[in-house]
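Enquirer: The structure that follows is given in the form of structure tokens.
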Amino acid sequence: MTVTAGADAPVVETPSGTVRGRNHPDGGVLEFLGLRFARAERFGAPTPEPAWTGTRDARVPGPQCPQLASRMDAIAGPSNADELGQDEDCLRLTVRAPADLAPGERLPVLVWIHGGAYVIGGVDLAWYDTSRLVREGRVVTVSLGYRLGILGWLRMPGVSPGNLGLADLAAALRWIRTHVGAFGGDPDAVTLVGESAGAHAITCLMSAPTLRGLFHRVVLQSGQLGLGLGTERTAARVAGYVRDALDGADPRTVPIEDLLEAQRRAMVRHAGPGGINSAPAFTPVAGVEPLVGVAAADPWVAAAHSGHPMIIGTTADEANTFVHIAPGLRRLRARFPTLVGLGSRLATQRVFVTPAQRLATRAATAGTTVSTYRFTWSAPDSGLGACHAIELPFLFGGRDAWQDAPMLAGASWDDDVEPLGRALRRRWLDFAAGTQSPS
């Protein structure tokens, strides 16, 4: 990377044009926020962002994909989601790199894909600030946005082909392949890291032979692999719910508020009485591009044979998060704590632990280098145990963003979070750099 402007506004020449970034507030890191990697009409395929003249400003975070309200604050604490706003023009990414990168230096690239059940989340949420990873590991990071909910995952013939969120991620990986070198990254040393739906999405990408060459290693954190993939039948049912909710209106042209309300109604109907159906309504669909040839009955066979070295694991009490944020389950827990506790343990095993172990075993049997982990730390006063997403404060290490998280209640940032976080980041970073093989 060659910086051609003052320290307060670094400018980088990319293959598509010039971008102006900024210094990270904590120092030592340059960041280029909200870079558009593709454009897409509603329910259309992403098309690469064309080259431009002049200098584009990359000092302001990009918007989130339009989405319904999130309940994750009850676990992760307050976020900056309201400041980011929402817009359908959301195919954006953020790049961070060391401020002292030497000319010609090529660093490992760590790509972050956020979770959120495929319906919530965003690239530039403060929770996911990658600057600690850049400083401690001397890597280039790229955080990816993709379409969520009804915009990214509806499959409705004549309206949306389905799996558009995966198409977005594939487009972003192609952008990385051709552009990351301008920021000091090595396009032949790309590690994908994802949590929850992000890990599930990476496993989908591993299943697509045409995409495998775009990345080289994977870290799969708490992927809900036990929920598998959608089928043509389930996708058609959800599409019917959407049609009913829109009452004849065209989903391609209705206001986004109406579309999100149709999404909400479809999700409620899909969940069924009492919300007992845990499978997401809007999700990747087996057999649909790029998952052609992938069977919903046993979806992760192709991923296990992708050949990507991997770290894969779960937390000890994944399902506690979902019990805590679901009003119906909280009420049930108040009346029947033992029963709900047993159900949470069973769900953790079925949705997260067992399928992760199966994927790891299959990949290792196929000759892939695999490391597994189980995150067991829990805060003394949270009552949540080692719940889903508990490892994220340790991975990103942003004290301001995470210190008020209810899942960390009673813990000391300096004595608990910081030491374990440094160790976790070091392990992931060494893996991304290829300096320590999984074991």
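The values are calculated or read from the model by the stated rules, or taken from the named source; none is laboratory data. The structure displayed is predicted, hence computed values, not measured ones. Don't worry about glycine lacking a Cβ; one is built from the backbone with ideal geometry, like all the others, and counts go over all protein chains shown.
Enquirer: Filter segment 289-313 down to residues that are surrounded by fewer than 20 Cβ atoms within 10 Å (Cβ to Cβ) and more than 17 Å from Leu220 (Cα to Cα) and give me whichever is nearest to the chain's Cα centre (by Cα).
Expert: Filtering segment 289-313 for residues that are surrounded by fewer than 20 Cβ atoms within 10 Å (Cβ to Cβ) and more than 17 Å from Leu220 (Cα to Cα), the one nearest to the chain's Cα centre (by Cα) comes out as Pro290.
Enquirer: All but one of (1) of a type in the set (Lys, Arg); (2) under 16 Å from Val123 (Cα atoms); (3) surrounded by fewer than 17 Cβ atoms within 10 Å (Cβ to Cβ) hold for Arg96; which doesn't?
Expert: (3)
Enquirer: A follow-up question, please. Can you run down the residue pairs with Cβ atoms below 7 Å, 6 or more apart or on separate chains, where the first is in segment 75-88 and closer than 20 Å to Asp400 by Cα and the partner is β-branched (Val, Ile, Thr) and assigned to a helix (DSSP H, G or I)?
Expert: Every condition considered, the pairs that remain are Ile75/Thr321; Ile75/Ile325.
Enquirer: Here are Val268, Val294: which of them is β-branched (Val, Ile, Thr), on the phi < 0 side of the Ramachandran plot and assigned to a loop (DSSP other than H, G, I, E, B)?
Expert: Numbers: Val268 fails: assigned to a loop (DSSP other than H, G, I, E, B).
Answer to the selection: Val294.
Enquirer: If the Cβ limit is 6 Å and pairs must be 6+ apart or interchain, which residue in segment 316-340 that is surrounded by 13 or more Cβ atoms within 10 Å (Cβ to Cβ) pairs with which residue that is among the β-branched types (Val, Ile, Thr) and modelled with pLDDT under 85?
Expert: Going by the 6 Å Cβ cut-off, the qualifying pairs are Leu332/Val340; Arg333/Val340.
Enquirer: Given Thr283, Thr253, which one is surrounded by 17 or more Cβ atoms within 10 Å (Cβ to Cβ) and not in a helix (DSSP H, G or I)?
Expert: Numbers: Thr253 fails: surrounded by 17 or more Cβ atoms within 10 Å (Cβ to Cβ).
Within the list Thr283, Thr253, the selection yields Thr283.
Enquirer: So, in segment 173-189, how many residues would count as being in contact with a Gly (Cβ under 8 Å, 6 or more places away or on another chain) and under 17 Å from Gly17 (Cα atoms)?
Expert: Number of matching residues: 1.
Enquirer: Please return the ranges of helices (runs of 4 or more DSSP H) entirely within segment 52-154 where 1 or more residues are modelled with pLDDT under 95 and out of contact with any Cys (no Cβ under 9 Å at 6 or more places or on another chain). It would help to see each step written out before you state the result.
Expert: Working: elements: 73-76, 81-84, 131-137, 149-153.
Counting at least 1 such residues, we get 73-76, 81-84.
Enquirer: Here are the criteria: (1) of a type outside the set (Ser, Thr, Tyr); (2) outside any helix (DSSP H, G or I); (3) modelled with pLDDT of 95 or more. Tell me which single one His179 does not satisfy.
Expert: (2)
Enquirer: Restricting to segment 66-112, count the residues that are under 27 Å from Thr191 (Cα atoms) and of a type in the set (Gly, Ala, Ser).
Expert: So the answer is 7.
Enquirer: For segment 311-346, which positions are among the aliphatic types (A, V, I, L, M) and in contact with a Phe, Trp or Tyr (Cβ under 9 Å, 6 or more places away or on another chain)?
Expert: Kept after step one, since they are among the aliphatic types (A, V, I, L, M), are these residues of segment 311-346: 311-312, 316, 319, 323, 325-326, 329, 332, 334, 339-340, 342, 346.
Ile311, Ile312, Ala316, Ala319, Leu329, listed by residue number.
Enquirer: Still on this model: So which residues in segment 320-340 are in a helix (DSSP H, G or I) and within 15 Å of His388 (Cβ to Cβ)? Talk me through it step by step, then tell me what you get.
Expert: If we filter segment 320-340 for residues that are in a helix (DSSP H, G or I), which is where we start, we get 320-325, 327-335, 337-340.
Asn320, Thr321, Phe322, Val323, His324, Ile325, Leu329 - these are the residues of segment 320-340 that are in a helix (DSSP H, G or I) and within 15 Å of His388 (Cβ to Cβ).
Enquirer: Suppose we filter Thr210, Thr203 for residues that are more than 30 Å from Ala51 (Cβ to Cβ), of a type in the set (Val, Ile, Thr) and either crowded, with 24+ Cβ neighbours inside 10 Å or in contact (Cβ under 8 Å) with a residue 40 or more places away in the chain (or both); which single one remains? First the steps, then the outcome.
Expert: Values: Thr210 fails: more than 30 Å from Ala51 (Cβ to Cβ).
Going through Thr210, Thr203 in turn, just one is more than 30 Å from Ala51 (Cβ to Cβ), of a type in the set (Val, Ile, Thr) and either crowded, with 24+ Cβ neighbours inside 10 Å or in contact (Cβ under 8 Å) with a residue 40 or more places away in the chain (or both): Thr203.
Enquirer: Please go through segment 166-192 and pick out each residue that is in contact with a helix residue (DSSP H, G or I) (Cβ under 8 Å, 6 or more places away or on another chain) and of a type in the set (Asp, Glu). Don't jump to the end; show me each part of the working.
Expert: Initially, segment 166-192 is screened for residues in contact with a helix residue (DSSP H, G or I) (Cβ under 8 Å, 6 or more places away or on another chain), giving 166, 168-170, 173-174, 176-177, 185-187, 189-192.
Result: Asp168, Asp186.
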